[in-house]
Amino acid sequence: MSSPELRYTFQQLMELDACTRCGECVTWCPTFEAKSELDAITPLRKIETVRRFVRRERGLLARLFGAREPDPAALEGHSLGTYDCTLCGRCAIVCPVHIRTRDMWIAMRAELVDRGVYPPALDHLRQTLAAHYNISGDDNENRLIWSQNLPEIPAGVGGKTQAETVYFVGCVSSFYPQSYSIPQSLVKVMERAGVDYMTLGGKEWCCGFPLTIAGMGDATAEMARHNVEAVRRTGARQLVATCPSCYHTWKDEYPHLLGEPLGFEVLHATELLAQIVDRLTFKPLEETVTYHDPCDLGRTSGIYDAPRNVIRAIPGVNFVEMEHHHEYSLCCGGGGDVEMADKELSAAVGKNRIAQAAAVEAKYLLSACQQCVRTLAGAARQEKVRVRTMDLVEFVARQMEE
Ligand code: SF4
Ligand code: SF4
């Protein structure tokens with residue numbers, strides 16, 4: 001086996017060396033908390049391992065005496081640890097030398113893909129996306145199937161070719177019935193607020209995020225080009241996404257992949273809600289409500305206030321924070337493709353988050369991500385915690401006055 005192309009930037013090579021081994025990241029890592037028997041899972045160990053690989057293959061001694069490829073058992077262990085990470089980014093927040101760990105973990109995954117040491121389920125994901133342009137493997141022309149049981153299908157859903165706002169629905173909300181209520185709710189809210197919107201139907205392709213975080217991001221550029229072109233044709237001035245990972249991909253990754261600005265603004269649904277909430281009237285709700293920051297919306301994208309402002313706009317709500325919130329928020333366990341690599345680990349992290357919601361006696365646990373809602377609802381069921389989990393757009397649609 002020859003050494004693959006180096007996947008780390010110059011800055012990342014410096015960061016590998018900058019780690020002081022303080023262990024702060026280990027203390028805050030939710031997957032290590034849930035699976036402490038696997039040392040390879042810790043941020044500290046992943047950095048040490050890769051630093052060793054790089055030195056042996058490309059360092060000074062490698063140049064003098066010949067490169068030594070990583071031992072297969074070491075690679076296998078490193079792969080287990082690297083894919084047992086939700087990419088929550090908590091380790092980056094606490095790292096005293098500011099190592100951009102989330103990007104580092106994705107680079108490590110890309111290297112593992114190059115070496116052929118990664119979870120087999122990811123091959124299925126790659127093939128499905130290449131053949132169907134969505135993660136479910138359904139016919140992509142069925143992207144609007146979630147709208148079929150709306151009382152009336154509005155023109156914005158499949159009936160327009162031009163609009164001010166394009167709603168990018170995302171694969172999970174498009175194809176997985178337990179998330180259909182998220183696009184249904186956003187459409188209801190946008191109709192009520194008079195937003196001129198449209199969807200792309202079968203012209204919407206997966207944003208590419210699942211491949212990027214799998215370490216297979218080389219295929220994401222094609223998706224970016226297709227999706228951006230589809231939105232440009234509508235003349236839209238903004239795009240809104242309910243999925244934080246789609247949002248992050250559009251806002252931060254696409255301009256970089258395309259090498260140019262998109263030409264329209266990218267909003268997360270919580271930002272749109274915060275802009276239009278004054279146009280809506282609500283039924284009061286005298287209940288305790290808490291909010292779970294999705295990792296890709298909070299830590300990755302810095303959006304913390306918009307969802308909280310919307311919740312506080314509902315009369316009667318007693319809003320409380322859980323023990324960990326904002327940039328220290330605990331992950332739900334559903335990110336980073338971990339469910340594909342280790343379902344039990346994903347559930348164990350979700351269980352810890354549900355315990356925090358139970359501790360503040362929340363009756364409603366809101367989030368702003370279909371994956372967080374799904375994972376937390378599963379954990380609540382498993383733990384028999386009586387809390388209603390829902391996406392903020394579902395909550396707003398439910399509380400709107402008829
Ligand atoms: S990103 Fe999250 S799960 Fe992954 S190593 Fe860092 S703290 Fe742990
Ligand atoms: S917190 Fe940063 S410096 Fe400390 S061990 Fe983790 S990665 Fe290294």
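The values are calculated or read from the model by the stated rules, or taken from the named source; none is laboratory data. Everything numeric in this text was worked out from a predicted model, so none of it was measured. Here the Cβ positions follow ideal geometry from the backbone for every residue, glycine too, while neighbour counts run over all protein chains shown.
Numbers at a glance
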quantity: Single residue of T42, T82, T27 found to be away from ligand 2 (no atom under 13 Å from the Cβ) and within 21 Å of C295 (Cβ to Cβ); calculated: T82
quantity: All positions within segment 85-102 that are within 8 Å of ligand 1 (Cβ to nearest atom), of a type outside the set (V, I, T) and over 15 Å from the mean Cα position of the chain (by Cα); calculated: C91, A92
quantity: Scope segment 234-249; condition of a type in the set (V, I, T) and not in a loop (DSSP other than H, G, I, E, B); matching residues; calculated: T234, V240, T249
quantity: Candidate set from segment 138-161 (those that are surrounded by fewer than 16 Cβ atoms within 10 Å (Cβ to Cβ), among the hydrophobic types (A, V, I, L, M, F, W, C) and within 16 Å of G202 (Cβ to Cβ)); member that is nearest to the chain's Cα centre (by Cα); calculated: I145
quantity: Criterion (touching a helix residue (DSSP H, G or I) at 6+ places or on another chain (Cβ under 9 Å) and away from ligand 2 (no atom under 16 Å from the Cβ)) met by exactly one of K351, K384, K343, K363; calculated: K351
quantity: Among the residues listed as T9, T49, the single one being farther than 17 Å from V338 by Cβ, among the hydroxyl-bearing types (S, T, Y) and loosely packed, with under 15 Cβ neighbours inside 10 Å; calculated: T9
quantity: Residue list for segment 43-64, restricted to those being farther than 17 Å from T9 by Cβ and touching a residue at least 40 places away in the same chain (Cβ under 8 Å); calculated: P43
quantity: Search result, residues across segment 356-391 that are part of a helix (DSSP H, G or I), more than 17 Å from Q178 (Cβ to Cβ) and either assigned by TED's automatic domain parsing to the domain that holds V187 or under 22 Å from the mean Cα position of the chain (by Cα) (or both); calculated: Q356, A357
quantity: Among the residues listed as A306, A380, A358, the single one being farther than 27 Å from A214 by Cα, small (G, A, S) and either surrounded by fewer than 20 Cβ atoms within 10 Å (Cβ to Cβ) or touching a Gly at 6+ places or on another chain (Cβ under 6 Å) (or both); calculated: A358
quantity: Residue match in segment 46-69 (condition: within 11 Å of ligand 1 (Cβ to nearest atom) and either hydrophobic (A, V, I, L, M, F, W, C) or part of a helix (DSSP H, G or I) (or both)); calculated: yes
quantity: Residue list for segment 267-316, restricted to those being of a type in the set (G, A, S), in a loop (DSSP other than H, G, I, E, B) and either in contact (Cβ under 8 Å) with a residue 24 or more places away in the chain or in the same structural domain as T242 (by TED's automatic domain parsing) (or both); calculated: G298, S301, A313, G316
quantity: Unique match (being without any contact (Cβ under 8 Å) to a residue 40 or more places away in the chain and not in a loop (DSSP other than H, G, I, E, B)) among G81, G77; calculated: G77
quantity: Complete set of residues in segment 123-137 that are surrounded by 17 or more Cβ atoms within 10 Å (Cβ to Cβ) and either of a type in the set (V, I, T) or without any contact (Cβ under 8 Å) to a residue 60 or more places away in the chain (or both); calculated: T128, H132, I135
quantity: Any hit, segment 105-124, residues being assigned by TED's automatic domain parsing to the domain that holds C29, within 15 Å of ligand 1 (Cβ to nearest atom), at negative phi and more than 20 Å from the chain's Cα centre (by Cα); calculated: yes
quantity: Some residue of segment 19-29 being within 9 Å of ligand 1 (Cβ to nearest atom), in a helix (DSSP H, G or I) and not β-branched (V, I, T); calculated: yes
quantity: Set E327, E287: member being surrounded by fewer than 18 Cβ atoms within 10 Å (Cβ to Cβ) and within 30 Å of L80 (Cβ to Cβ); calculated: E327
quantity: Counted residues, segment 30-40 - those being within 7 Å of ligand 1 (Cβ to nearest atom) and either assigned to a loop (DSSP other than H, G, I, E, B) or within 15 Å of R102 (Cβ to Cβ) (or both); calculated: 2
quantity: Residue under evaluation T9, criteria (1) closer than 18 Å to P70 by Cβ; (2) more than 10 Å from ligand 1 (Cβ to nearest atom), criterion not met; calculated: (1)
quantity: The one condition in (1) touching a Phe, Trp or Tyr at 6+ places or on another chain (Cβ under 8 Å); (2) within 22 Å of L262 (Cα to Cα); (3) among the small types (G, A, S) that G201 fails to fulfil; calculated: (1)
quantity: Residues being crowded, with 16+ Cβ neighbours inside 10 Å and farther than 22 Å from E57 by Cα - total across segment 102-122; calculated: 3
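Each row is one residue, and each column tells you yes or no for (1) buried (at least 21 other Cβ atoms within 10 Å of the Cβ); (2) at pLDDT 95 or above; (3) touching a helix residue (DSSP H, G or I) at 6+ places or on another chain (Cβ under 8 Å).
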| position | (1), (2), (3) |
| --- | --- |
| R45 | no, yes, yes |
| G59 | no, no, no |
| A67 | no, no, yes |
| D71 | no, no, no |
| E76 | no, yes, no |
| L87 | yes, yes, yes |
| C91 | yes, yes, yes |
| V94 | no, yes, yes |
| I99 | yes, yes, yes |
